[in-house]
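Here's the structure, in structure tokens; my notes come after.
The values are calculated or read from the model by the stated rules, or taken from the named source; none is laboratory data. Remember, predicted model here, so these are calculated numbers, not experimental data. Virtual Cβ from ideal backbone geometry, glycine too; neighbours counted across all protein chains shown. The protein model used for the area step is the full one, side chains on, heavy atoms only, and it has no ligands, DNA or RNA in it. Shrake-Rupley method; radii C 1.70, N 1.55, O 1.52, S 1.80 Å.
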Amino acid sequence: MTTTRRTFLKGASALGASTLAAPYVHAQEAVTLRYLSTAVNQSPGIAKKASEDLGINIEYIAVTTDDVARRVITQPNSFDLVDTEYFALPNLVPSGNLKGMDATRIDRADQIASVIREGTVGGKAVGSDGTAPFEVLYLDAADGKAFSSEPTEFITLIPTTYNADTLGIRPDLIDGEVNSWAALLDPKFASKAAILNIPSIGIMDAAMAIEAMGEITYGDKGNMTREEIDFTIAKLIEAKRAGQFRAFWSNFNESVNLMASGEVVIQSMWSPAVTAVRTQGIACKYQPLKEGYRAWASGFGLPRTLDGRKEDAAYEFINWFLSGWAGAHLSKQGYYPAVLDTAKEYMEPYEWAYWYEGAAAEQDIMSPSGDLLEEAGATRDGGSYEDRMGAVACWNAVMDENQYMVRKWNEFIAA
Amino acid sequence: MTDTIDTGARRSIRRAIPRLGLRRGQGAGEGLLLALPMWLVFALFFLLPLAVTLVVSFWEFTQYSIEPAFILRNYADLFDGCIDGLPYLCTTLKTYLSTLKFCFLVWAVTLVIGFSVAYFLAFHVRSLPMQVTCFLICTIPFWTSIVIRMIAWIPLLGRNGLVNQALMGMGVTDQPLEWLLYSDFSVILALVHLYTLFMVVPIFNSMMRIDPALIEAARDSGASGRQTLTNVVIPLARPGILIGSIFVVTIVMGDFLTIGIMGGQQIASVGKTIQTEIQYLQFPLAAANAVLLLIAVMLAISALLRMVDIRKEL
């Protein structure tokens, strides 16, 4: 047979077409969503499961809490989906970089936990000092730059996780009971206390402590007046000069190290950090306090520029997120998910009883990655969902006087 | 001797110029052309950002935006309470004083250690291979990152750290020493540990260029070891000392990582203040602070440069 130029070309083009076709189909299928949030919210397990269930690739972009907000404002095209805290919204929404999410496209929008939608748990209102999620949940229009106090069809953020924060303590190194935020500034713990050096959150912890000491009653701890800020910072400086603080921390790992090494026996702490100390075999308790908790909530937002297939994929991913598997995954790390009922379906009854009902664990409690968290018989610090979320006193916030507060905070650090 | 070589070289260049067909004017033009890439890099990555920083420092800002304007409020905020608050120091002054204190202490300690190490390497280690080996050993800590070298101190100095356990075990103290960590001491210790090499290298370099004959001559003329050191070695090593000092001073002035980690974030530094402001999107305020820091560093450097003409010495 003679290979003419013609047959050769035919073969080559057929070959070319077949190799070209595959990536083309592939590109149609997999959408990649760039998911911006803090590292704590980025579970590799969730990305893997989402890719299996939906065929959507999740590409995590991990930055710090403050950087998430900064990125939304300064680089709104650098992500497709953001998981940010509700307290950042009063800064993010006026920038116009986030769009109101269409409530009709969220399957379970009406099943979102009442503490987020209305600020109630079991029908009872919780504290709303600070930026409570229900105050900033709705926009007045799809491209609105103002919040709506009434529910609308335009949602700012769909909750991913939320929780109630309190003080972490080392019960093995502390004599007696700790039951009030006042303990943070108690001279008994001089040079063994720590506070976090993220001004907007640190000042709330300080305010909880100072109010518990009976020194002042704030109008709104999450939105202080200049006089209240001055008073709070003056108290903090006084405590610092008296040697109350061993250190300040600004990220998760620092707080774990301070606690695990015994440098600090009482400090403001985040729930997974307490777990991290415990998995090292060191006693650490997330101590419920009589004044209640400082709560926070984080949720999905969409950048204004998102459209087409990426937007569809983002909604699809969010609906999947609310459908239970992810909620159960997060619950087993100690967070609370947006929709409780669906998460329950994906948890064993004994797990649900331990994490949500305050019951003693019938079996060993494992983390999603298979590490032992608690042995059978243990109960969760703070008890049930109602006990913990129902006792929320205030929410993480950005104050109207934020600029002034940051300046005063710098003064405290320099003192 | 160097002078004769110098003039010799200059003469041969002068002779070469007409041969290449270059006239003086053309040479200058071409020189500028040759320097152009350097200038472009310099302008793009140094002058432009600097100009932007300066401009932004006069802008207005809210919690979510910055607006072009020409206001002095950022600078006024920076110096808020600095005059009417006297005799109490305002935050900015206090922060700068604290940074200057670290600068001075770290400079003094690194100078003594750096000079001694360089002196040992240059004059006591005789063979060149040995000198090179010793010098490389000095650089070993640089194989790991700054943060790791810093954090390595924490388990050593902590309340339940090795040092405290050893001291209590030996019965020197019965209470753990708290000031070992998260204190001025630990900050200075870490800074000295991190930056001494920046002192060693230039001083060693200067010392290696000292003609051994000069030291012999000093000894022959009856100078004591101390006199040789103060009258011969130190003056001749001065450029190295100055360059090392510039490195250390500029690095410590802008440092916030070491002061943050080793000071338990309880000690203020200018860098940390700028970082906090940037995190809260107060870019104009951060820019104003950066401009102030730049002025402070330039003042320190120009004071150092008064003492020596670097171009001449190099």
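Observations on the structure shown:
- Residues within segment A:202-232 that are crowded, with 22+ Cβ neighbours inside 10 Å and within 14 Å of another protein chain (Cβ to nearest Cβ), tallied: 1
- Residue list for segment A:61-103, restricted to those being among the aliphatic types (A, V, I, L, M) and either within 13 Å of chain B (Cβ to nearest Cβ) or in a helix (DSSP H, G or I) (or both): A:VAL63, A:VAL68, A:ALA69, A:VAL72, A:ILE73, A:ALA88, A:LEU89, A:LEU92, A:VAL93, A:LEU98, A:ALA103
- Once segment B:77-94 is narrowed to residues that are open to solvent by 60 Å² or more (accessible area, probe 1.4 Å) and away from chain A (no Cβ under 11 Å), the residue that is modelled with the highest pLDDT is B:PHE79.
- Residue in segment A:252-274 that is within 14 Å of chain B (Cβ to nearest Cβ), modelled with pLDDT under 90 and under 19 Å from the mean Cα position of the chain (by Cα) present: yes
- Identity of the residue in segment A:121-150, open to solvent by less than 30 Å² (accessible area, probe 1.4 Å) and outside any loop (DSSP other than H, G, I, E, B), that ends up nearest to A:TYR86 (Cα to Cα): A:PRO133
- Some residue of segment A:390-402 being surrounded by fewer than 17 Cβ atoms within 10 Å (Cβ to Cβ) and within 14 Å of chain B (Cβ to nearest Cβ): yes
- So B:ASP174, is it loosely packed, with under 12 Cβ neighbours inside 10 Å and either out of contact with any Ser or Thr (no Cβ under 7 Å at 6 or more places or on another chain) or in contact (Cβ under 8 Å) with a residue 40 or more places away in the chain (or both): yes
- Sole residue being touching a helix residue (DSSP H, G or I) at 6+ places or on another chain (Cβ under 7 Å), under 25 Å from B:VAL252 (Cβ atoms) and not β-branched (Val, Ile, Thr), chosen from B:ALA118, B:ALA152: B:ALA118
- The set of residues in segment A:271-320 that are surrounded by fewer than 22 Cβ atoms within 10 Å (Cβ to Cβ) and of a type in the set (Phe, Trp, Tyr) comprises A:TYR315, A:TRP320.
- When B:ILE295, B:ILE234, B:ILE274, B:ILE251 are checked against the criterion of being more than 14 Å from every other protein chain (Cβ to nearest Cβ), touching a Phe, Trp or Tyr at 6+ places or on another chain (Cβ under 9 Å), free of Cβ contacts under 8 Å to residues at least 24 places away in the same chain and open to solvent by 10 Å² or more (accessible area, probe 1.4 Å), B:ILE234 stands alone in meeting it.
- Leading residue by the ranking (farthest from the other protein chains (Cβ to nearest Cβ)) among those in segment A:377-389 that are open to solvent by less than 60 Å² (accessible area, probe 1.4 Å) and assigned to a loop (DSSP other than H, G, I, E, B): A:SER384
- In segment B:47-65, the residues that are farther than 21 Å from A:GLN75 by Cα and more than 14 Å from chain A (Cβ to nearest Cβ) reach residues that are open to solvent by 80 Å² or more (accessible area, probe 1.4 Å) and not β-branched (Val, Ile, Thr) with C-beta atoms within less than 7 angstrom, at least six apart or across chains, in these pairs: B:PHE58/B:PHE70.
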